[in-house]
Every structure is written in C-alpha cells, then in structure tokens.
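> Pasting a structure here, questions to come.
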Amino acid sequence: MASDSPPAGASPGPSPPDRLRIVLVGTQHPGNIGSAARAMKTMGLSRLVLVAPERYPHPDAVALAAGAVDVLEASTRFETLAEAVSDCRLVLGCTARSRRIALEELSPRAGAARALATTVGGGDVALVFGRERTGLDNDELQLCHAAIHIPANPDYSSLNLAAAVQVLAYELRMASLQEPAHGVAPCVAGRPAEGPTEVRGEPPATHAELEGFFSQLADTLDAIDFHKGRTPAAAIRKFRRLFLRAGLDAREVRLLRGMLADAQRMADIAHGRLPPPRKPAD
C-alpha cells in the first residue's frame, strides 16, 4: 500500500469518496442490495462490497437499484469479512448497541467525520452492515475498530438495512461537503490527531497486518501460559482495544511480531520443544 504522501510528480491516489466502501455481510434479501446501491449513489458513493450474500445476483436487486445498476455491476464479493476489509485502516461496524463486544460507540455524524478524516489521510475505510435479522456476529464485530449506532426510536428501533445505509451515506456526504479535504484533521488509527501530527515514514498498518499480529499474539500468550487457566477471550479483547488505540504503523507491527517470535522460541526451549541455543566457543 502506498504511503500517505506520494512522491512529487506521482499521480494522485483515489479521492476520499473512492476510499469509502459500504460492506454488506450475509444480506438475506436481494432487494436490500439494490436499495443500498441506490442509497449510495444518491450520496456520491460507489464502492459496494458484498460478503456471502444469500441470493445474488438477483432480479430484485436490479429492480430496486433504480438507476444505480452501475454500482451493482462494479461491486465485489468475498466469502468472509476479514478478506473484504483486509486493506482497510478503519473498519466501522453499523450495529445496534451490544454488550457482547465492548467497542467504542459513535454517532453516525461522528463516525462519518472519523471515516472522512481517515480517507483524507490516505487510508481506506469500510462501513460494515450485518444481516437483516441478526446483524453482525461476535467474530465479525471483533474485526471492527468502533461501532456506529443510529439513535432510532427506542419503542420501534427496527431499521431497514437500506435505510441504515442511507443514513450513513447521508452523513458521509454532509461531512465531505462541510469539511473540504484540506481542512480535515488527520487521523491515527481512525482517531483524529490531537496536537502536532507525527510525520511517519511508514504507513499505518492495514487491517490484514493487524489481524496477523493479533493471531500471533494469541498463540504467544498460549505458549507462555499467560492466561493461567483463565478464558483467553477477555484478555485478547482488551489487547485488541489497546493496540488499535495505539495506531500502529507497518514497521511497528513487524517489530512487535519479531518480539513475539522470540518469546515463542524461548517458550519452546523452556518446554523442551526446541534445543537450547549453543554457547559460543571460547
């Protein structure tokens, strides 16, 4: 992935709207895919990503796209959410409030502002919407940096999928109109920078790089018996939140993974799975 500041004379990268993708996970009704495409196009968005849709392609999707068939035709498909957001620097899950996974909660307006700031900084952003009946599952929520909650009427909070996409697409449109690209504060790991912005020689780590680190971290904690018989899930969630807040760049992830590799090697030596290192000859 290119760095945030392209070399002089290089062709400019994608514009901020082109760095925004709407991701629909496990959509059950094809008409909602078409309606979501229409909602996107009315607000100047064009990148639609489908993760394991139940019925697509389908005539209902085309019918309800109502002139946004080009968005449907340009859409991409993946089997898993992890694949769909692997190159993103910010992943926001649009979901009802949940006590299952502790995520920072944002309003649609705050989420749109953070998304736009990340794209202006050169990062791709995914806004993820779950299934009509059940939303995003726990594993999918774990892949998100924060959650966006639409404050609907608590007495009737059932919001159609395409309507939810329209709300977020509108907020993204308003954020882009109100905050010209040169006036948007840069973001670190999807958070607006506070104070002087650190100039980094490395781009922020991609979602795939972070997930590789988290996987190795989980393996290392097991290898060194960090959990002492306790369920590891809670600790892993806390470590995920900690490192996501840190806004690691690619080089920092490589440094941490090197440290974990050494810790795993020492654990293997301690448990007799590897021979001890040879002492240098006198």
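The values are calculated or read from the model by the stated rules, or taken from the named source; none is laboratory data. In this text the structure is predicted, and so the values were computed from the model without any measurement. Every residue, glycine as well, gets a Cβ built from its backbone with ideal geometry; the counts of neighbours run over all protein chains shown.
> Kindly indicate which of GLY212, GLY258 is of a type outside the set (Lys, Arg), within 26 Å of the chain's Cα centre (by Cα) and surrounded by fewer than 13 Cβ atoms within 10 Å (Cβ to Cβ).
GLY258
> Please determine whether any residue of the stretch 222-230 is modelled with pLDDT of 90 or more, surrounded by 11 or more Cβ atoms within 10 Å (Cβ to Cβ), in a helix (DSSP H, G or I) and touching a Phe, Trp or Tyr at 6+ places or on another chain (Cβ under 8 Å).
Among the residues of the stretch 222-230, not one is modelled with pLDDT of 90 or more, surrounded by 11 or more Cβ atoms within 10 Å (Cβ to Cβ), in a helix (DSSP H, G or I) and touching a Phe, Trp or Tyr at 6+ places or on another chain (Cβ under 8 Å), which makes the answer no.
> Which one is farthest from GLY258 (Cα to Cα) among residues in the stretch 197-221 that are at pLDDT 90 or above and acidic (Asp, Glu)?
Top of the filtered list is GLU211.
> Inside the stretch 38-86, counting only helices (runs of 4 or more DSSP H) that do not spill past its ends, which hold 2 or more residues that are over 21 Å from GLY135 (Cα atoms) and over 21 Å from the mean Cα position of the chain (by Cα)?
59-65, 69-73
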